[in-house]
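Peer 1: The structure follows.
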Amino acid sequence: MQGYSAVATGLRFLPLNGSFIFASIISGYCSARLGWRCTITVGFTIAAIAVLSLSQVQADTPFEAMVGQLMLVGFGVGLSLSPLTAAAMGTASDDQSGIAAALTNTSTRLGGALGIAVQGGIFTHQMGAHLTQVLTTTGLDAGVRQAIVAEALSHGATQPQRLMLLLKQGSATLSFSELQGLIHQSFISGIQGAMWTGASVLLVAAGLSIAYVRSQPDHSLSSSASTE
């Protein structure tokens, strides 16, 4: 919406990636001091709060205003992942460590793929529903409204020629700038839906960590396995 190229957009995610790497480095120290449960819970909670704050961004929000939230998201997730893996491995006996490693690796990859798919679906549905609703008040023909929604979901407002052509086919005096504003509003609505979902999942993960993750490794597992 603000005209960034693909490279410029990627560069603006460097604060998130940098804080993720930093948190991953210090997560071992935090786990040794605070324990697995506390470190994981704090990390997920920080990430959830940051993601929830990102749901308040608008189409004209400058990037500088989001740097702090992006860094907190990366820091929270980075703080949680390493001790989460260690907790999964630490709860398995020596003869089951291979199974624990395989399950941890599989669940991480599956969770990442499902998270992208689910949030992408929520974003698309929310944006389409919002744009459909606001276009009903413009007087455009139903067929034109559907075509505009499909075009917006595919390309946003980056193809002005196509959108202006669709407007000419309609029966309302809606300018392209007004339509562009409606598309941007709908895009933000979709982003908010995806962010709310992400924050909810992170908070659930924090709650599950409190309930099921041990604070420290259970050394009785490995000792019992060695005596058998």
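Peer 1: Which one of 150, 117, 87, 142 is modelled with pLDDT of 90 or more and over 20 Å from the mean Cα position of the chain (by Cα)?
Peer 2: Exactly one residue qualifies, and that residue is 150.
Peer 1: Only residues that are over 16 Å from residue 151 (Cβ atoms), more than 11 Å from the chain's Cα centre (by Cα) and small (Gly, Ala, Ser): list them for the range 178-206, please.
Peer 2: Residues satisfying the conditions are 189, 205, 206.
Peer 1: For the range 36-65, which residues satisfy the criterion of being among the aliphatic types (A, V, I, L, M) and surrounded by fewer than 19 Cβ atoms within 10 Å (Cβ to Cβ)?
Peer 2: Answer for the range 36-65, where residues must be among the aliphatic types (A, V, I, L, M) and surrounded by fewer than 19 Cβ atoms within 10 Å (Cβ to Cβ): 42, 49, 52, 57, 59, 65.
Peer 1: Let me ask another. When both residues are 6+ apart or on different chains and their Cβ atoms are under 6 Å apart, which pairs have a first residue that lies in the range 122-146 and is closer than 27 Å to residue 196 by Cβ, and a second that is of a type in the set (Val, Ile, Thr) and part of a helix (DSSP H, G or I)?
Peer 2: Between residues of the range 122-146 that are closer than 27 Å to residue 196 by Cβ and residues that are of a type in the set (Val, Ile, Thr) and part of a helix (DSSP H, G or I), the close pairs are 122/197; 128/149; 131/149; 132/149.
Peer 1: Continuing with this model, one more query. Would you call residue 103 under 22 Å from residue 75 (Cα atoms), aliphatic (A, V, I, L, M), out of contact with any Cys (no Cβ under 9 Å at 6 or more places or on another chain) and surrounded by fewer than 16 Cβ atoms within 10 Å (Cβ to Cβ)?
Peer 2: no
The rows are residues; the columns are (1) in a helix (DSSP H, G or I); (2) within 17 Å of residue 207 (Cβ to Cβ).
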| site | (1), (2) |
| --- | --- |
| 29 | yes, no |
| 60 | no, no |
| 77 | yes, yes |
| 82 | yes, no |
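Peer 1: So which residues in the range 120-139 are over 16 Å from residue 184 (Cα atoms), modelled with pLDDT of 90 or more and of a type outside the set (Gly, Ala, Ser)?
Peer 2: 122
Peer 1: Within the range 194-225, can you find the residues that are touching a Gly at 6+ places or on another chain (Cβ under 7 Å) and either at pLDDT 95 or above or over 22 Å from residue 91 (Cα atoms) (or both)?
Peer 2: Result: no residue meets the conditions.
Peer 1: Hey, can you tell me all the residues within the range 66-75 that are buried (at least 17 other Cβ atoms within 10 Å of the Cβ) and in a helix (DSSP H, G or I)?
Peer 2: Answer for the range 66-75, where residues must be buried (at least 17 other Cβ atoms within 10 Å of the Cβ) and in a helix (DSSP H, G or I): 69, 70, 71, 72, 73, 74, 75.
Peer 1: Additional query: Sort out which residues of the range 108-133 are within 17 Å of residue 86 (Cα to Cα) and exposed (fewer than 12 other Cβ atoms within 10 Å of the Cβ), and write them in order of number.
Peer 2: Residue satisfying the conditions is 109 alone.
The values are calculated or read from the model by the stated rules, or taken from the named source; none is laboratory data. These numbers come from a predicted model, not from an experiment. Cβ coordinates were reconstructed from backbone atoms using ideal geometry, including for glycine residues, and neighbour counts include every protein chain displayed.
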